[in-house]
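Colleague: I have a structure I would like to understand better, so I am pasting it below and will then ask my questions one at a time.
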Amino acid sequence: MDISSLEQLRGCGGAGFPAAFKWKAVRDEPVVGTPASGGGKILVCNADEGEPGTFKDGWILREQPEVMLRGMQRAAAFTGAVRGYVYLRPEYVEQLAHLKQAIASLVAQGILSEGSGALWAGAGFAGRPAEMHDTGLDDVALSALDWFVEHGAQGLQGEATENGGLLTGHAFGEGRSAPLPPKVGEDVAPASTTGVPCRIDICVGGGAYICGEETALLESMEGRRPQPRHKPPFPTQSGLWGLPTLMNNVETFWWAERLLAGEPVSGCRLYSLSGDVHRPGVYEAPVGISARELIDTFGGGVIGQQDVGCWIPGGAATGVLPAACLDTPLSPEGLKEVGTAPGTAAVVVYAAPQDAREVAAKIMRFFAQESCSQCTPCRLGCLATADWLDRTQAWPDADTEERWLESMALGSICGLGFTAPLVVQQWRRWFAESGVPA
Ligand code: SF4
């Protein structure tokens, strides 16, 4: 299969990693075991959309889930994977219904394998074991919060180590014992060589922000607390159950299908536009459009004809920018110039006179609450910065700030800890030092 049309496609889940690179990396990995013994290569679609301000995956899953699933099938054919999973944010109940319907339709068309669409649940931060479910959300609706209410905080660690899965079996990887979904049949060979369709099931997520981090997601699927893994090895080498795993975001598979089908949509993205605009929504627009154009052309302008006070370019993790940056191209290069990145392309608009520091403080509090607590710099740094902001109504002095932020950026395992300092750095660059009014 020729995937040259994907060369410009970057992952749409936040990190912006080139999609074609991942596809080729998984294709080139040797096959471990056989599909019938629980081996082979794996696809995972990250549908745990949790970045504040971001709702474009929810739109795809509601409006065009078949397109995304067809993209997964193409990825299966290219990489040789025979099993795929959509890891779905548990709040997306409506999307789940659409997804199941779309899977059933593709099975009927012979595009996905018989038996696709089984439902199971990933573990949450309380370490609730993963379980397999045939129908409905009754059992998996037990969120981490429900778990606390029901059981209290005792025994969280113990719970995390137990294998409570209904289906168990050999898992590839050192000493791993994890719930496995149904194995595919003995006669199923990689799709790339036989044209046999891939089987795609659904894993309802554990209900924490960190579950959207790719390796935390894998931990959740394996029935453990969703705490990010050290990398390397990368999921393309050793992902779910230690098998080579291609993980892409919902929107990435959606674009992949459209590009590989020959649509002239190269260089476009879905923007989640929200906040103080007349027409918030999901809009397809070129990479490199400016926030001003998005707001004026698609969003109908700022509510009440007010000026923009500040805005978020790509979800909470990309920090807060002043109105002076509204003409910056929303591209990796353009946003790099102003010290940030496109993230999930979620543009949140705040009308003047919104205090940018207040927005940043809320973001930091969010990170403090959602930190998985595995790394001390992230656990303490997010909390200390959020507390400082709330207590003093002022920013830390530059020395303190530097020490905190550097420790967080250098000593954290995952993107949450890496990017949290950006929130403070953005403030200093744009609102404190440059004299731009908030
Ligand atoms: S950086 Fe934060 S969220 Fe990420 S692994 Fe460390 S403690 Fe957990």
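The values are calculated or read from the model by the stated rules, or taken from the named source; none is laboratory data. Because the structure is predicted, anything quoted here is derived from the model rather than measured. Reconstructed Cβ throughout: ideal geometry from the backbone, glycine too, with neighbour counts over all protein chains shown.
Colleague: Kindly establish whether Pro233 is buried (at least 24 other Cβ atoms within 10 Å of the Cβ) and assigned to a loop (DSSP other than H, G, I, E, B).
Modeller: No.
Colleague: As an exercise: evaluate Asp2 against (1) on the phi < 0 side of the Ramachandran plot; (2) in contact with a Pro (Cβ under 9 Å, 6 or more places away or on another chain) and give the number of the one condition it does not meet.
Modeller: (2)
Colleague: If the Cβ limit is 6 Å and pairs must be 6+ apart or interchain, which residue in the range 58-78 that is within 11 Å of Ile103 (Cα to Cα) pairs with which residue that is of a type in the set (Gly, Ala, Ser) and buried (at least 19 other Cβ atoms within 10 Å of the Cβ)?
Modeller: Note: pairs meeting the criteria are Pro65/Ala102; Glu66/Ala102; Leu69/Ala102.
Colleague: Which of the following residues is touching a helix residue (DSSP H, G or I) at 6+ places or on another chain (Cβ under 8 Å) and surrounded by 24 or more Cβ atoms within 10 Å (Cβ to Cβ): Leu240, Leu260?
Modeller: Just one listed residue meets the conditions, Leu240.
Colleague: Given (1) of a type in the set (Gly, Ala, Ser); (2) crowded, with 24+ Cβ neighbours inside 10 Å; (3) more than 21 Å from the chain's Cα centre (by Cα), identify the lone condition not met by Ser105.
Modeller: Failing condition for Ser105: (2).
Colleague: What are the residues in the range 81-112 that are over 18 Å from Phe253 (Cβ atoms) and part of a helix (DSSP H, G or I), if any?
Modeller: Selection gives Val93, Glu94, Ala97, Ala104, Ala108.
Every residue, every condition in (1) under 15 Å from Gly14 (Cβ atoms); (2) assigned to a loop (DSSP other than H, G, I, E, B), yes or no:
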| position | (1), (2) |
| --- | --- |
| Glu333 | no, no |
| Ala341 | yes, yes |
| Thr344 | yes, yes |
| Val347 | yes, no |
| Pro353 | no, yes |
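Colleague: Continuing with the same structure: Which one of these does Ser274 not meet: (1) more than 16 Å from the ligand (Cβ to nearest atom); (2) outside any strand (DSSP E or B); (3) surrounded by fewer than 21 Cβ atoms within 10 Å (Cβ to Cβ)?
Modeller: (2)
Colleague: Still on this model: For the range 213-230, which residues satisfy the criterion of being modelled with pLDDT of 90 or more and either among the β-branched types (Val, Ile, Thr) or within 11 Å of the ligand (Cβ to nearest atom) (or both)?
Modeller: Answer for the range 213-230, where residues must be modelled with pLDDT of 90 or more and either among the β-branched types (Val, Ile, Thr) or within 11 Å of the ligand (Cβ to nearest atom) (or both): Glu213, Thr215, Ala216, Glu219, Pro226, Gln227, Pro228, Arg229, His230.
Colleague: Could you say whether any residue in the range 132-150 is buried (at least 23 other Cβ atoms within 10 Å of the Cβ) and modelled with pLDDT under 95?
Modeller: yes
Colleague: Let me ask you something else. Identify, please: which residue in the range 352-384 is away from the ligand (no atom under 14 Å from the Cβ) and touching a Phe, Trp or Tyr at 6+ places or on another chain (Cβ under 7 Å) and is, among those, modelled with the highest pLDDT?
Modeller: Val359
Colleague: Hey, another quick one. Test Pro332 against the criterion of being surrounded by fewer than 19 Cβ atoms within 10 Å (Cβ to Cβ), in contact (Cβ under 8 Å) with a residue 24 or more places away in the chain, over 21 Å from Gly299 (Cα atoms) and not acidic (Asp, Glu), and give yes or no.
Modeller: yes
Colleague: With respect to Leu259, is the statement that it is among the hydrophobic types (A, V, I, L, M, F, W, C) and either without any contact (Cβ under 8 Å) to a residue 12 or more places away in the chain or in contact with a strand residue (DSSP E or B) (Cβ under 7 Å, 6 or more places away or on another chain) (or both) true?
Modeller: no
Colleague: From the list Ala75, Ala19, Ala15, which residue is surrounded by fewer than 20 Cβ atoms within 10 Å (Cβ to Cβ), on the phi < 0 side of the Ramachandran plot and of a type in the set (Gly, Ala, Ser)?
Modeller: Sole residue among the options that is surrounded by fewer than 20 Cβ atoms within 10 Å (Cβ to Cβ), on the phi < 0 side of the Ramachandran plot and of a type in the set (Gly, Ala, Ser): Ala15.
Colleague: Here's something else I'd like to know. In the range 19-48, what count of residues is obtained for those that are touching an Asp or Glu at 6+ places or on another chain (Cβ under 8 Å) and over 25 Å from Asp201 (Cβ atoms)?
Modeller: Result for the range 19-48: 1.
Colleague: Based on what the data block shows, is Val44 more than 19 Å from the chain's Cα centre (by Cα), under 22 Å from Gly239 (Cβ atoms), crowded, with 20+ Cβ neighbours inside 10 Å and not basic (Lys, Arg)?
Modeller: No.
Colleague: OK, next. Kindly evaluate Glu251 against the criterion of being within 16 Å of the ligand (Cβ to nearest atom), of a type outside the set (A, V, I, L, M) and surrounded by 24 or more Cβ atoms within 10 Å (Cβ to Cβ).
Modeller: Taking the combined requirement at face value, the residue does not satisfy it.
Colleague: Quick one: would you say Val347 is touching a residue at least 60 places away in the same chain (Cβ under 8 Å) and not assigned by TED's automatic domain parsing to the domain that holds Glu219?
Modeller: Considered against the rule, which asks whether it is touching a residue at least 60 places away in the same chain (Cβ under 8 Å) and not assigned by TED's automatic domain parsing to the domain that holds Glu219, Val347 comes out as yes.
Colleague: Do the conditions hold for Arg403, that is, is it at pLDDT below 85, crowded, with 17+ Cβ neighbours inside 10 Å and either part of a helix (DSSP H, G or I) or more than 11 Å from the ligand (Cβ to nearest atom) (or both)?
Modeller: So Arg403 does not fit the description; no.
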